[in-house]
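Have a look at the structure below, then the notes.
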Amino acid sequence: MNAERSAGAPPIHVAWLVWGMGALLYFVGFFHRVAPAVMTGELMREFNISAVALGNLASFYFYSYVAMQIPTGILADTIGPRRLLSLGAVVAAIGAIVFAIAPNLAWAGVGRLLIGGSVAVAFVGMLKLAGCWFPMNYYAMVSGMAVTCRVLGGIMAGPPLRLFMNQFGWRSAMMIVAGLTLGVAALIHGLARDNPSEKGYADRLPVCRVDRHFSIGAVAAGMAEIFHYRNSWLLLVIPGSMTGSVLSFCGLWGVPFLTTHYGMTPAKAAVLASAMMVSMAAGGLCFGWLSDRSGKRKPLFLLGCFGALVPFSVALLIEGLPIPILVAALLIASFCANAVVITFAIAKESVPARLSGTISGMVNMGTMSGPMILQPAIGWMLDFKWHGHMEAGVRIYSFEAYRAGFSLMLAWLLLSLVLLIFIRETHCRQIV
C-alpha cells in the first residue's frame with residue numbers, strides 16, 4: 001500500500017483531511033476572538049469596567065497572539081505543524097478554563113493571554129500544511145477556505161453563544177468550549193502529519209520536510225533574509241487595517257453601536273455581526289479563487305481594500321441610515337475586506353519556499369496587529385467622548401463618540417490603500 005502511494009502526491013481529499021485538523025483549532029481560536037462581542041454587558045457588569053478596560057481585556061488575546069507569530073513561524077519550520085497545533089490546542093483549553101473561572105479582571109486577562117498565544121499557532125500551522133499538502137495553484141483558495149473556518153467560529157460566537165448565555169451564563173459556555181478544545185487536540189495528534197511522506201505519499205516539494213535541527217543562527221539569518229524583500233515590510237502594515245476593521249466591529253464594538261443607535265436587540269445585532277462574518281467568508285473564497293485563476297494578486301488586493309473603505313465610511317460616519325442601506329454597506333465592506341487572504345499568497349511567493357513558515361508568521365503578526373491596536377484605541381476614544389450616560393451599569397456612548405472611534409480604522413484603511421500601490425506583483429509564482 002505505501003509503495004503504491006509513494007508513486008504520487010497525496011489525493012486532494014487526503015490533503016483536505018490533514019489540513020482540516022489545523023482548521024479545527026482555527027475555528028476554536030476565532031470563536032474566542034469574537035466572543036467578547038456578545039459578552040460586553042456581562043463583562044462590564046461582572047468586572048465593573050469601562051470601554052477602555054473592556055477593549056484591553058478583549059485585546060489581551062491579540063497581545064499574545066501577535067507576540068507568538070514569529071516564534072510560531074519558526075517552530076512550524078523546525079518542529080513541524082503537527083506538534084505545534086496539538087500543543088496549542090491543549091494550552092487553549094487551559095486558557096478557556098482560566099477565563100471561565102476568573103474571579104477578577106486580572107485572571108480574566110491571563111485566560112485571554114493563554115488563549116491568544118496558543119491559538120496563534122493555528123493559522124501559520126494551516127498555511128504550512130497547505131504549502132506541503134496541496135498543489136501550488138490551490139494556495140490562495142485554501143487560504144480563503146481557512147477564512148470560512150474562522151467565520152464559522154465567529155458565527156458560533158454570535159447568536160448561538162448569546163442564546164446559551166441567556167440560559168446558562170457565559171462562564172458555563174467557556175467551560176464547555178474548553179472541553180471541546182481538548183478533543184480537538186486529540187484529533188490533531190491522531191490524524192495530522194507534517195508532510196505527505198509520513199502517510200506514504202510523495203512530498204510535493206523537498207522544502208516541505210521539517211528541519212528538526214533548531215539553530216538560533218539559522219533563524220536569525222532567515223529573519224534577516226526575509227526583510228531583503230520589499231513586500232515583507234509592506235505586508236506588516238497593510239493587512240492589519242482590513243482584519244482590524246471587521247474584527248473591531250464584529251468582535252467588540254458593533255453590537256453596542258447597533259443596539260444603542262439603531263434600536264436593535266442584542267440578539268438581532270449579533271445576527272448582523274454573524275452575517276458580516278459569513279459575507280467575509282464568501283469574500284475570502286471569491287478573492288482567493290479569482291487570484292489563483294487570474295494569476296494576479298495586486299489588482300484584487302487593491303479592489304478589496306477600496307471596497308472595504310467606502311462602504312465602511314458610509315455605514316459608520318453617516319447617522320440615521322435606513323436599516324437596509326446600513327446592512328448592505330456593512331455586508332459589502334466585510335466581503336471586500338477579506339481580500340486580505342491574498343496577503344499570505346503574496347508573502348509566501350515573495351520569499352524562498354524554505355522560509356514559508358517564518359514569513360507566514362511575520363505577516364500574520366501584521367494582520368492581527370489590526371484588532372490588537374484598534375479594539376482598545378476605539379474604546380479609548382469612546383471613553384474620551386463619553387458624556388456620563390449609563391444604563392443598567394453599562395456606559396452608553398453617543399453617535400459622535402462612535403464616529404470618532406471608528407474613524408481610526410478608516411484612516412488605517414486609507415493608508416493601506418496608498419501602500420498597496422508599492423506592492424510587487426508576484427503573478428502567483430514562487431521565487432526560488
Item to check | Cβ-defined net charge surrounding Gly251, 15 Å radius [Lys, Arg +1; Asp, Glu -1] | outcome: +4
Item to check | Relative contact order (percent, whole number), segment 270-405, Cα cutoff 8 Å, 6+ residue spacing | outcome: 24
Checklist entry - What FRET efficiency comes out for the pair Met175/Val418, r = Cβ-Cβ distance, R0 = 41 Å, nearest 0.05? => result 0.35
Checklist entry - What distance in nm separates the simple spin-label points at Phe168 and Arg293, each placed 7 Å from Cα in the Cβ direction? => result 4.2
Checklist entry - Measuring from the lowest to the highest alpha carbon on each principal axis, how far does segment 1-102 reach, largest first, in angstroms? => result 63, 25, 20
Checklist entry - Of the labelled options [x] 25.4; [y] 21.6; [z] 22.6, which one gives Kirkwood radius over Cα pairs in Å as computed for this structure? => result [y]
Next on the checklist: For segment 153-170 and segment 287-344, what is the centre-to-centre distance using only Cα atoms, to the nearest Å?
Outcome noted: 27
Checklist outcome for this item: Cα extents of segment 282-357 along the principal axes, largest first, in whole Å, come to 52, 21, 18
Item to check | For segment 298-419: span of alpha carbons on each principal axis (Å, largest first) | outcome: 56, 29, 24
Next on the checklist: Quick check on segment 96-172: take the gyration tensor over C-alpha atoms, sort the square-rooted eigenvalues as a ≥ b ≥ c, and tell me if it's rounded (a/c under 1.5), prolate or oblate.
Outcome noted: oblate
Checklist entry - Dipole of the chain, Cα-centred, from +1 at each Lys and Arg C-beta and -1 at each Asp and Glu C-beta, to the nearest 20 debye? => result 520
Next on the checklist: Run lengths n ≥ 4 of DSSP H only: what is the helix-derived mean residue ellipticity at 222 nm for the chain, with -39500 (n - 2.57) per run over all residues, to the nearest 500?
Outcome noted: -24500 deg cm²/dmol
Item to check | Label-to-label distance, nm, for residues given as Ile431 and Glu400 (7 Å Cα→Cβ offset) | outcome: 5.0
Next on the checklist: With a 1.4 Å probe and all protein chains left in place, how much of the accessible area of segment 58-192 comes from carbon and sulfur atoms, in whole percent?
Outcome noted: 78
Item to check | Compactness of segment 230-309 - radius of gyration and Dmax, Cα, Å | outcome: 15.3, 47
Item to check | Accessible heavy-atom area order of Ile94, Ile74, Ile238, highest first, probe of 1.4 Å | outcome: Ile94, Ile74, Ile238
Item to check | Net charge, Gly288 excluded, C-beta distance under 14 Å - Lys, Arg +1, Asp, Glu -1 | outcome: +3
Next on the checklist: Give me the one-decimal nm value for the distance between modelled label points at Ile325 and Glu391, 7 Å along each residue's Cα-to-Cβ direction.
Outcome noted: 2.4
Checklist entry - Got a sec to turn the phi values of segment 368-376 into Karplus ³J(HN,Hα) couplings, 6.51 cos²θ - 1.76 cosθ + 1.60 with θ = phi - 60°, whole Hz, x for Gly and Pro? => result 7, 5, x, x, 4, 7, 6, 4, x
Checklist entry - Among the listed pairs Lys128/Lys298; Lys199/Lys296; Lys268/Lys296; Lys199/Lys298, which are separated by more than 28 Å between their Cα atoms? => result Lys199/Lys296; Lys268/Lys296; Lys199/Lys298
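The values are calculated or read from the model by the stated rules, or taken from the named source; none is laboratory data. Please read these numbers as outputs of a predicted model, since none were measured by experiment. Neighbour counts are summed over all protein chains in view; Cβ atoms, including those assigned to glycine, are modelled from backbone coordinates with ideal geometry. For the accessible areas, the whole protein counts, side chains as well, though only heavy atoms, and no ligand, DNA or RNA atoms are used. Shrake-Rupley method; radii C 1.70, N 1.55, O 1.52, S 1.80 Å.
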